[in-house]
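I have placed the structure first, in the form of structure tokens, so that the comments after it can refer back to it.
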2 protein chains.
Amino acid sequence: MAQMGRPRAFDRQQAIEQAMHLFWEQGYETTSLSQLKTQIGGGISAPSFYAAFGSKEALFKEAVQCYLESYARVTDALWDDEIAPREAVELTLRRSTKMQCESGHPKGCMVALGTMSAPKHEHAHVTKPLAVSRARTHAGFVRCVERGIAMGELAEGTDAQAMGTAFSSFLLGVSISARDGVKISVFNTSITELMKLWDAASNER
Amino acid sequence: MAQMGRPRAFDRQQAIEQAMHLFWEQGYETTSLSQLKTQIGGGISAPSFYAAFGSKEALFKEAVQCYLESYARVTDALWDDEIAPREAVELTLRRSTKMQCESGHPKGCMVALGTMSAPKHEHAHVTKPLAVSRARTHAGFVRCVERGIAMGELAEGTDAQAMGTAFSSFLLGVSISARDGVKISVFNTSITELMKLWDAASNER
DNA sequence: AAACATATGTATCGATCGGTATAAATATGC
DNA sequence: GCATATTTATACCGATCGATACATATGTTT
């Protein structure tokens, strides 16, 4: 049987994406219900909102999930063993930076900026998936350096934690710089610089 | 003549510092008046608050100024021509990172995290001094690289903008990483790595 | 002492916060 | 047609938002 009852007047998935843009731009606590209601589906009522999503927090969770399954996948290369580790790192840096500078959505990365999305202690649990994602990406960079060492591409004494943190923190900083208007072309030359960290630890120079 | 009227029951400068800690931790929009009133001077009333500071926005401005004149000065070396440019860069990275990981105040840098302090367009002007400070620090890194080139320490073809952005974005990212609990010892090894970018462009290897 | 200046406590302002109760509107299943 | 299921619109909830009126307390100046 098909759906019973009166059909919803707005597209639910599209609504989640519009909410994601708002949360991405302003964070969880700063984004108000009235803002969400105004933006979603060209304007919906409070009962429609709660019938569809349950609560502001529940919608945020869906918006985060939506982000993690789409935009956040620019870091997937870090876990792809079919890609050479150096290339995986560079690809991730360039893909993420490109995404963060794209037009059509807020600048920066929702995961990185999520640090200040719900700064109040009482709301900290809401942004947990974002913190998990940050930890995962950081671990991904470290893992690639470790792969480089294991493959004999990087010197034995290379500090994977140190180099991984350098890549990771740089990428987190891109979110702030991108909001400040730094252009993708500058980031790209900067990434070319940053990759010299890898080459400096390389065995084949 | 001394001050007339009933004397204030709390220390105004200390109040600004307490407010600075709150704004640093949570941002401008997320920090509420009631939170500020509760924390300041062990609890003050609304009229006392407004008599002393004028408004939430005015207090934020003072808190930002207080931060810029104290904690933010960890980047001063970038503009000190008596310090060799490479040392100025490394000193700034280590000093700022150390400060951001210190206990006794919120983790991270108020200037960096200020990007999400007042994300609503209507409040953007409030965080302008923080944006100016970020631009200044970025320019300071670029300037040090340019000094390195001018002094013949770095190769002629070195891209100052690219390397400066690498240092700058890394340092911005430290604010987010520090909030995630990354330890100062890790950052320090990471900075040692990062400085190899300078050495890779150096003439005397 | 009186006059004045400033800070404080209580009580409250209109606006907005996240969230709901109620009932009318619109679909499907029989 | 009629019962059922779901969404809609209107109106409203108590709590909190940033900010203020008013009277009282506490100091200096004269």
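In table form, for the structure just shown:
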item: Residues located in segment A:1-46, provided they are within 14 Å of DNA strand D (Cβ to nearest atom) and of a type in the set (S, T, Y); result: A:T30, A:S32, A:S34, A:T38, A:S45
item: Per-region count, segment B:87-127, residues over 19 Å from B:S32 (Cα atoms) and without any contact (Cβ under 8 Å) to a residue 40 or more places away in the chain; result: 7
item: Filter result (more than 12 Å from the chain's Cα centre (by Cα) and charged (D, E, K, R)) within segment A:99-131; result: A:E102, A:K120, A:E122, A:K128
item: Residue check, B:Y71 within 11 Å of DNA strand D (Cβ to nearest atom), among the aromatic types (F, W, Y) and surrounded by 13 or more Cβ atoms within 10 Å (Cβ to Cβ); result: no
item: Boolean, B:T137 is open to solvent by 20 Å² or more (accessible area, probe 1.4 Å) and either closer than 14 Å to A:G173 by Cα or in the same structural domain as B:L22 (by TED's automatic domain parsing) (or both); result: yes
item: Members of segment B:1-24 found to be open to solvent by 70 Å² or more (accessible area, probe 1.4 Å) and more than 15 Å from B:A58 (Cα to Cα), listed by number; result: B:M1, B:A2, B:Q3, B:M4, B:R6, B:P7, B:R8, B:A9, B:D11, B:Q14
item: Candidates B:T127, B:T192, B:T165, B:T115, filtered to the one that is open to solvent by less than 30 Å² (accessible area, probe 1.4 Å) and closer than 18 Å to A:A166 by Cα; result: B:T165
item: Every residue from segment B:108-122 that is among the hydroxyl-bearing types (S, T, Y) and part of a helix (DSSP H, G or I); result: B:T115
item: Test result for A:L68, under 23 Å from A:K107 (Cβ atoms) and near DNA strand C (Cβ under 9 Å from one of its atoms); result: no
item: Filter result (part of a helix (DSSP H, G or I), among the charged types (D, E, K, R) and either facing chain B (nearest Cβ under 7 Å) or without any contact (Cβ under 8 Å) to a residue 12 or more places away in the chain (or both)) within segment A:137-193; result: A:R179, A:E193
item: Answer residue from segment B:32-62, given it is surrounded by fewer than 17 Cβ atoms within 10 Å (Cβ to Cβ) and not in a helix (DSSP H, G or I) and is farthest from DNA strand C (Cβ to nearest atom) among those; result: B:S55
item: Segment A:40-54 residues that are under 18 Å from A:G5 (Cβ atoms) and of a type in the set (A, V, I, L, M, F, W, C), paired with ones that are open to solvent by less than 50 Å² (accessible area, probe 1.4 Å) and more than 6 Å from DNA strand D (Cβ to nearest atom) (beta carbon under 6 Å, 6 or more apart); result: A:F53/A:L59
item: Residue match in segment A:99-107 (condition: in a helix (DSSP H, G or I) and in contact with a Cys (Cβ under 9 Å, 6 or more places away or on another chain)); result: yes
item: Residues that are within 15 Å of DNA strand C (Cβ to nearest atom) and either hydrophobic (A, V, I, L, M, F, W, C) or more than 14 Å from chain B (Cβ to nearest Cβ) (or both), drawn from segment A:16-29; result: A:A19, A:L22, A:F23
item: Residue list for segment A:16-31, filter: out of contact with any Lys or Arg (no Cβ under 7 Å at 6 or more places or on another chain) and either in a loop (DSSP other than H, G, I, E, B) or assigned by TED's automatic domain parsing to the domain that holds A:P129 (or both); result: A:G27, A:Y28, A:T31
item: Qualifying residue in segment A:86-93 (condition: surrounded by 14 or more Cβ atoms within 10 Å (Cβ to Cβ) and within 12 Å of another protein chain (Cβ to nearest Cβ)); result: yes
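The values are calculated or read from the model by the stated rules, or taken from the named source; none is laboratory data. Quantities reported herein were computed from a predicted structural model and do not represent experimental measurements. Cβ coordinates were reconstructed from backbone atoms using ideal geometry, including for glycine residues, and neighbour counts include every protein chain displayed. Quick note on the areas: whole protein, heavy atoms, side chains included, nothing else; ligands and nucleic acids left out. Shrake-Rupley method; radii C 1.70, N 1.55, O 1.52, S 1.80 Å.
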